[in-house]
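**Q** If you scroll down you'll find the structure; I have some questions about it.
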Amino acid sequence: MKRLLSGNEAVAWGAWESGVRIAAAYPGTPSTEILETLAPMPDVYAEWTPNEKVALDVAVGAAYAGKRAMAVMKHVGLNVAADSFFYVSMTGTEAALVIVCADDPFMHSSQNEQDNRHYAKFARVPCLEPADSQEARDFVGVALDISEQFDTPVLLRLTTRISHSYGVVELKGTRPPQPTEKPTYHVDTAKYVMVPGNARRRHPVVEERVARLAEFAETFAHNRVELRDSSLGIVCNGVAYQYAREVFPNASILKLGMTYPIPTKLIRDFASQVERLIVIEELDPFIEEEIRQLGIPVEGKSIFPICGELDQRIVRERAIEAGLLPSSAHVPVVNTNKGPLPPRPPILCPGCPHRGVFHVTNKLKLVVNGDIGCYTLAFLPPLGALHTCGCMGASIGVAHGVAKAGVAQRNVAVIGDSTFFHTGMPALLNVAYNQGNTITIILDNRTTAMTGHQENPGTGRTLQGAETPAADFEALAHAMGIQRVHTVDSYNLKEVETALRDCLAANEPAVVVARRECALLPEVKKGWIPLRVDEERCNGCGLCFRVGCPALVKSDVLDAKTGKPKARIDPLLCTGCEICAQVCARQAILFRAQLSEAEGE
Amino acid sequence: MTKIDFLLAGVGGQGTILASDLLSSVGLSVGHDVKKSEVHGMAQRGGSVTSHVRWADKVYSPLIGRGEADFFLAFEKLEAVRHIEMLHPNGVVLVNDYAISPLSVSSGDDEYPDDERIKTVLAAATPNYYWVPGMRLAEELGNARVNNVVMLGSLSHFLSGVPLEAWLQAIPERVPPRFIELNRRAFLLGREAAGKL
């Protein structure tokens, strides 16, 4: 059967059809939809784990136990899981293990654009790179077979453009039957206990495995030579293959479905058949450097950029500059003398509970060490309330380090519920253990919002939506040795302020759990009631606009005295969170209760 | 060789993705190879959203290059101007006569370009630009949310090679049952309106 699938959906189908039984992941754009697609499929177990390292360990355990397993993460997730990635390369597994990681060239929603093919080489793990949704589906099965044939984990590297592009995929719609007997655990301490003595014996095995994989790569069906005109030969991988075909329809192409290890003889043969050899690859010159090490003249990053995504326009224009195409190949562009336009960046949604907390940290002039989540967007004007963001879980450790450096003012660490479970917990433990005085605000919006509302250990639901015990933030903080723990409603500005002032007055570690459901959760949406501005009372002072809510807009009506436009609330956007109503000094924004009174009259 | 590239642009929550899903289904049903690629920003709502849909005998790149879009369907006026350079010099752009103020505009730090400036930019780019009252027509149907499908109906007017049935059959594939009739009417309203532009 044929279906139009995204690369992520295709990976899920590929996993299901090729007999993956266990899959684990931490959500992260652009990889999230893989597990969401796989989880409802029959006869497969999938779970969200608190972080990527746990996900990989779970998948490793399943593969040790003889079941085909898959761990899924975004590119920076592999940094978190790197320790496990390296040991499982050393041990191998009993059944197949594939690690799917989605890189994010151009950083559509990431803090860097690291090229994870380096991890493959670093850990001696083969790397497969699909070029479209069909290959995304097919390569999962190929990866699993390679994993079992060579006793190695396999890295399946996607990029945003593969994960989030849709193409026609031919599916089987069936999968191999599950063996009926329970798996028995095979004990093999020499292979699976990586103490130095055993590890020293395993390292040569791993090196020898890479050599065999390199030999395998020579005849691997997905390392494909397409001989056409011999004047130009292009080596390419992943989505870059599509751009190469589009811009150079007559060029000869060596498409590498496996980019580590590379097939050296195949590359030498291909290079000998073309006059000029180039590599088109996104991000780092990974293939290019491998080829150059063979002593073969090759060009790549001298023509095409390292930074950002490619597309056919960039490939075409750089190729023209490099003399690979005539200047007549330029695609004419329409006349656009449009001048500067107002930007439309992603913003905290109307009704976002984080907004109130940041309004208060601004009021108290606090420097905020932030973390990864929707709340990172509070760095933007008009809030401008978040001052660092590096990676998952960094906020608390950074704020603690700032305090230990002797900075007079108290920085505040701000971290979301899911991010706290991910890597925030050890950092909070560190604050308590080392007698810091960092104030940690846990923004508990009862979901993993940024990636589209995934469950986490704090929500009381599993990936499948089944009820499960919800972790207790307050009890966790107490158990770590933190006495001063407040719980507040993020929508209640007074409550947030009182708690923060109490923490600031005491020289000890403190936690404020700011709790309020994400306004976009389906249950919460049912309770939206748009507020209204009392035009008589509003004098256009603009205080409410500083809250930075998209539902608050300038009306066409000017205040007679101030001459400034009055505030208006867009009823299609407003959720009725009442943060602006608490901020208004003239009580011109009606609270929910006042609305119903007004209606009653 | 047939090749039709569609760029769709709007603001998060406007239904850009549904419209591009419908367009993809139609392309497949009339026998093309189809690829679709989405760029949605970090927040769930409020940011710029673009979607690339490509129909051809064989589609390679999932993206449209700058200057290659044969049709540009803009669900919001500012987004039409923002992405106009994606249009082929002979391309057709359909603009929903609807503005959503970015935060910097509602807070008074920026100004939203007026209609005259928008029309000047579009007219300089292509002789084929159409100002479609998509939002007004959707509101006449009693549901502003279907302005995306109204716009898709208008687009269909320019694709004379695609039978009406292909469009109408795509709707039930992508729309929940209770909204099929509404979307069907929205589509036909947009298609009819385009004939009078």
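Here, each number is a calculation from the coordinates, and none is a lab measurement. Since the structure is predicted, the reported quantities are computational estimates derived from the model, not experimental observations. FYI the Cβ positions are ideal-geometry reconstructions off the backbone, even for glycines, and counts take in every protein chain you see.
**Q** Any of A:Lys2/A:Lys67; A:Lys525/B:Lys77; A:Lys265/A:Lys301; A:Lys525/A:Lys566; A:Lys363/A:Lys525 with alpha carbons more than 25 Å apart? Name them for me.
**A** Where the Cα-Cα span goes over 25 Å, the pairs concerned are A:Lys2/A:Lys67; A:Lys525/B:Lys77; A:Lys525/A:Lys566; A:Lys363/A:Lys525.
**Q** Give, in nm to one decimal, the length gained when the segment between A:Ala475 and A:Glu215 is fully stretched (0.36 nm per residue of separation minus the Cα-Cα distance).
**A** 88.1 nm
**Q** In addition: Measuring from centroid to centroid over Cα atoms, what is the spacing of the stretch A:1-52 and the stretch A:501-548 in Å?
**A** 36
**Q** Also: Just to be sure I follow the definition: excluding the sites themselves, where is the longest run in chain B that has none of the trypsin sites (Lys or Arg not before Pro) in a DSSP loop with at most 16 other Cβ atoms within 10 Å?
**A** Formally, the longest exposed-site-free interval is B:59-195.
**Q** A further question on this structure: Let's test the formula: R0 of 22 Å, r as the Cβ-Cβ distance of A:Tyr433 and A:Asp83. What FRET efficiency results, to the nearest 0.05?
**A** It comes out at approximately 0.55.
**Q** Let me ask something else about it. If contacts are Cα pairs under 8 angstrom and at least 6 residues apart, what is the relative contact order of the stretch A:220-329 in percent?
**A** 26
**Q** Which lysines, on any chain, are close to A:Lys365 with Cα under 22 Å apart, when same-chain ones fewer than 8 places away are left out?
**A** Excluding near neighbours in sequence, the set is A:Lys404, A:Lys494.
**Q** What whole number of Å gives the distance from the Cα centroid of the stretch A:265-340 to the Cα centroid of the stretch A:133-192?
**A** 32
**Q** I've got another one for you. Using a Förster radius of 30 Å, what is the FRET efficiency between A:Ser231 and B:Lys58 based on their Cβ-Cβ separation? Nearest 0.05, please.
**A** 0.80
**Q** Moving on. Where nothing but the Cβ of Lys and Arg (+1) and of Asp and Glu (-1) is charged, how large is the charge dipole of the protein assembly as shown around its Cα centre, in debye to the nearest 20?
**A** With Lys and Arg at +1 and Asp and Glu at -1, about 540 debye.
**Q** Among all stretches of chain A without exposed trypsin sites (Lys or Arg not before Pro) (DSSP loop, at most 10 other Cβ atoms within 10 Å), which one is longest?
**A** Longest gap between qualifying sites, sites excluded: A:1-364.
**Q** Taking each residue of B:68-76 in turn, how many C-beta atoms of other protein chains fall within 10 Å of its C-beta, and what is the average?
**A** 1
**Q** Return the single residue from B:Asp33, B:Asp110, B:Asp97 with maximal mean-square fluctuation; model: Gaussian network over chain B, springs between Cα atoms under 10 Å.
**A** Looking only at B:Asp33, B:Asp110, B:Asp97, the biggest GNM fluctuation is shown by B:Asp110.
**Q** If one computes the Cα centroid of the stretch B:124-197 and of the stretch B:49-98, what distance in Å separates the two points?
**A** 17
**Q** What does DSSP give for chain A in terms of the percent of beta bridges that are antiparallel, rounded to the nearest 5?
**A** If we restrict to bridges inside chain A, about 25 percent are antiparallel.
**Q** Can you work out the FRET efficiency for the pair A:Glu467 and A:Asp43, with r the C-beta to C-beta distance and R0 = 30 Å, to the nearest 0.05?
**A** That pair, A:Glu467 with A:Asp43, gives E of 0.85.
**Q** Follow-up. Only helices at least 18 Å long along their axis, Cα-based, and averaging 1.0 or more on Kyte-Doolittle count here, so list those DSSP H runs from chain B.
**A** Sorted by number, the helices that extend far enough and score high enough are B:16-29.
**Q** Calculated from DSSP H runs of 4 or more alone, at -39500 (n - 2.57) each and per residue, what is the 222 nm mean residue ellipticity of the protein assembly as shown, nearest 500?
**A** -10500 deg cm²/dmol
**Q** Using a ≥ b ≥ c from the Cα gyration tensor of the protein assembly as shown (square roots of the eigenvalues), is it rounded, prolate or oblate, where a/c under 1.5 gives rounded and otherwise the larger of a/b and b/c decides, a/b for prolate?
**A** oblate
**Q** What list of ³J(HN,Hα) couplings, whole Hz, do you get for the stretch A:445-461 from phi and the Karplus terms 6.51, -1.76, 1.60, once you set θ to phi - 60° and write x for glycine and proline?
**A** Rounded to whole hertz, the list is 9, 6, 5, 9, 7, 4, 8, x, 6, 9, 5, 8, x, x, 8, x, 9.
**Q** Take B:Asp114 and B:Leu168, extend 7 Å from each Cα along the Cα→Cβ direction, and tell me the distance between the two endpoints in nm.
**A** 4.4
**Q** Among the chymotrypsin sites (Phe, Trp or Tyr not before Pro) in the stretch A:121-196, which ones are in a DSSP loop with at most 12 other Cβ atoms within 10 Å of the Cβ? Mind listing them?
**A** Those that pass, being in a loop and sparsely packed, are A:Tyr185.
**Q** Right, here's the next one. Multiply the residue gap between A:Asp151 and A:Thr562 by 0.36 nm, knock off their C-alpha separation, and tell me the result in nm, one decimal place.
**A** Contour length minus the Cα-Cα distance gives 140.4 nm.
**Q** When the chain is fully extended, how far beyond the present Cα-Cα distance does A:Ala598 get from A:Met1, taking 0.36 nm per residue of separation?
**A** 209.1 nm
**Q** While we're on this one: What is the dipole size for chain B, taken about its Cα centre, with +1 at each Lys and Arg Cβ and -1 at each Asp and Glu Cβ, in debye to the nearest 20?
**A** Rounded to the nearest 20 debye, it is 460 debye.
**Q** Moving to a separate point now. I need to check one value: relative contact order of chain A, counting alpha carbon pairs closer than 8 Å and at least 6 residues apart, in percent.
**A** 10
**Q** Which GluC sites (Glu not before Pro) does the stretch B:84-128 hold that lie in a coil by DSSP with at most 14 other beta carbons within 10 Å?
**A** Here the GluC sites (Glu not before Pro) that fit, given the DSSP loop and packing criteria, are B:Glu111.
**Q** Across peptide B:29-39, what mean number of C-beta atoms from other chains lies inside 10 Å of a residue's C-beta?
**A** Taking all residues of B:29-39 together, the mean is 4.
**Q** Would you tell me the mean number of C-beta atoms belonging to other protein chains that fall within 10 Å of each C-beta in B:54-64, as a whole number?
**A** Taking the mean over all residues of the peptide, I get 6.
**Q** On to the next question. Positive end of the charge dipole of the stretch A:354-524 (Lys, Arg +1 and Asp, Glu -1 on Cβ, about the Cα centre): tell me which of A:His422, A:Gln435, A:Leu383 has its Cα farthest that way.
**A** The one lying farthest along the dipole's positive direction is A:Leu383.
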